[in-house]
Structures are given as structure tokens and as C-alpha cells.
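Visitor: Starting off with a structure, shown below.
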Amino acid sequence: MAMLQGKARAEYVQDMFDRIAARYNLMNRLMTFGQDLKWRRFAIEKARLKAGDRLLDLATGTGDIAFEALRSVPGVEAVGGDFSLGMMQVGQHLPYGDQVYWNGADALNLPYAPATFDAVTAGYLIRNVYDIPRAFAEQMRVLKPGGRVVILDTSPPPHNLLRPFILIHLRYVIPTLGKLISENADAYQYLPESTQAFKTPQELVKLMQDAGFVNVQYKTFMFGTMAVHWGEKPK
């Protein structure tokens, strides 16, 4: 499933997230032992938002990163964009859901004018798009000069002593939880597979730099299996 390409991959991912929307947040808490909340807070810190800023949260899903921005920075304007309407419908009924401007949005063809946003965040987006350079080009386009981009995504397990245990968690524990809790075992096979097939943190830095972002940095979490990257659009 993770090897699907082009529009077939996009269609599968869209359908998958619609199907798992109702239990998505619960599964995230279980898969990450609750650490995903900390990663989202860190992502918003790196966005350096201030009151009055406009944030675009891509692949917003149920809105967790957008909600964190609203909690942390009073007066920020949060736009949540996703092509999974099912995920956003869940998010609309959560606390802060009525404060997000929800939009159906394709990350490869964003429906926003150039230089619209002060910051763009994207949680678990880049791993799922079939054209990473295009996704970064679109984020660059809609950012204001000097605006910041922050990317939260998984990373392939590093080659160290913990790798065998991480692979057991990815290949067996997560699909089992997905089958028991979300009743969508295939979705929670795709997600670990796409993690293993994804770019390393260093490769993602290069892709961001190739797109024109400057001052690109990253920090890894959870034994190197999660990373937050951040950078800026030149002024």
C-alpha cells in the first residue's frame, strides 16, 4: 500500500483518513504513548507565531496543531486545510473547533493566494504526498516573505540497537491496535510502511533547501522515529 504512486496513492490516503477519522486521535495517543501532544507544542513554538498572525495548518486532520496554536497564541488566525473532509468534520466538534477556518485543500494545489500566511505547519503530510517538491513549492508560494514553515512527520527507524524493537512496534503492535480500536487494519499497516519508506531527516532538509527555504533545522523525537523540521522563506 505504501508503494502506491501518483493519484492512486492520493486517493487511497484520502479514503483511508476518512475511514479512521472517528478513532484517529485515540490511536495517536496510544501509538505514541501520548508524546504526540508534546511534538505539536514544539512545532507551534518553532512557528514563532504572534497575535494577529495567519497560520495555515496543512493536513490539519482533526485540528490538533491548529488547536495548539489557538491555545498558545491568543489572537492568532488559524486556517485548517485538508483533503479528508471526514477528519475535519470530527475536528469541528472538538474544543476550539469553532475557531478554526476549515477548508478542503489539496496540498499540491493550494486554494490560497501568494504571500497569504505568516506560518505554515504540516503534520504527517509530506510522507503521504506523491510529489514532495510540489508540496514544498506550494507552501513557499503561500507564505509571506520571512514566513516560517514547520514540518512534523515520521522518520525511518535509525540503524542502532533499538531498531529491531522499533520495527516490532511498527509492524505488529500498531496494526494490531488499529484492527482492535479503529477496525481498519489496512490503514495501520500503511502508516508504518510509509514511515519505513520515507525520507531521512537529512534528506528532508535537502528537499526543503532545494525548495528555497533557508535556516532549515530539525529535531528528532521518540528514538529518532519522529522529526520536526523548520525553516523560513527568504525575506
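Computed from the coordinates by the stated procedures, all read-outs in this text should not be read as laboratory data. Bear in mind the structure is a predicted one, so any value in this text is a computation, not a measurement. Glycine gets a Cβ as well: all are built from the backbone with ideal geometry, and neighbour counts include every protein chain shown.
Visitor: Would you please name the trypsin sites (Lys or Arg not before Pro) within the stretch 21-94 that are DSSP coil residues with at most 16 other C-beta atoms within 10 Å of their C-beta?
Guide: Numbers: sites: 23, 29, 38, 40, 41, 46, 48, 50, 54, 71; in loops: 48, 50.
Counting only loop positions with at most 16 other Cβ atoms within 10 Å, the trypsin sites (Lys or Arg not before Pro) in the stretch 21-94 are 48, 50.
Visitor: Could you please rank 155, 194, placing first whichever residue has the fewest other Cβ atoms within 10 Å of its Cβ? Walk me through the numbers before you get to the answer.
Guide: Working: 155 25, 194 20.
Ascending number of Cβ neighbours within 10 Å: 194, 155.
Visitor: Have a look at 145, 156, 164 and tell me which one the Gaussian network model of the chain (Cα, springs below 10 Å) gives the largest fluctuation.
Guide: Its mean-square fluctuation being the largest, the pick is 164.
Visitor: Let me ask something else about it. Which values, in whole Å and largest first, are the semi-axes of the equivalent ellipsoid of the stretch 51-97 obtained as the square root of 5 times each eigenvalue of the Cα gyration tensor? Each step should come with its number before you reach the end.
Guide: On the way: eigenvalues 67, 25, 9 Å².
Those come to 18, 11, 7 Å.
Visitor: Dipole of the stretch 6-232 (Lys/Arg Cβ +1, Asp/Glu Cβ -1, origin at the Cα centre): which of 49, 105, 61 lies farthest to the positive side?
Guide: Ranked along the dipole, the leading option is 49.
Visitor: Averaging sequence separations of C-alpha pairs under 8 Å and six or more residues apart, then dividing by the length of the chain, give the relative contact order as a whole percent.
Guide: Working: 444 pairs, mean separation 48.9, N = 235.
The normalised contact order for the chain reaches 21 percent.
Visitor: Hey, got the dipole for the chain? About the Cα centre, +1 on K and R Cβ, -1 on D and E Cβ, debye to the nearest 20?
Guide: Working: 26 positive and 23 negative charges, 133 e Å.
It works out to roughly 640 debye.
Visitor: Separate question: GNM, the chain, Cα, under 10 Å: largest mean-square fluctuation among 58, 162, 49?
Guide: 162
Visitor: Continuing with this model, one more query. Under 21 Å Cα to Cα from residue 219, which lysines show up? Leave out anything in the same chain fewer than 8 places away.
Guide: List returned: 38, 46, 199, 206, 233.
Visitor: Could you tell me which of rounded, prolate or oblate describes the stretch 64-218, using a ≥ b ≥ c as the square roots of the eigenvalues of the alpha-carbon gyration tensor, with rounded for a/c under 1.5 and, failing that, prolate when a/b is larger than b/c and oblate otherwise? The partial results should precede the final answer.
Guide: On the way: a/c = 1.99, a/b = 1.27, b/c = 1.57.
Oblate.
Visitor: To continue, here is another question. In 10 Å bins starting at 0, how do the alpha-carbon pair distances of the stretch 65-143 split up by percent?
Guide: All Cα pairs considered, the percentages come to 17, 50, 30, 2.
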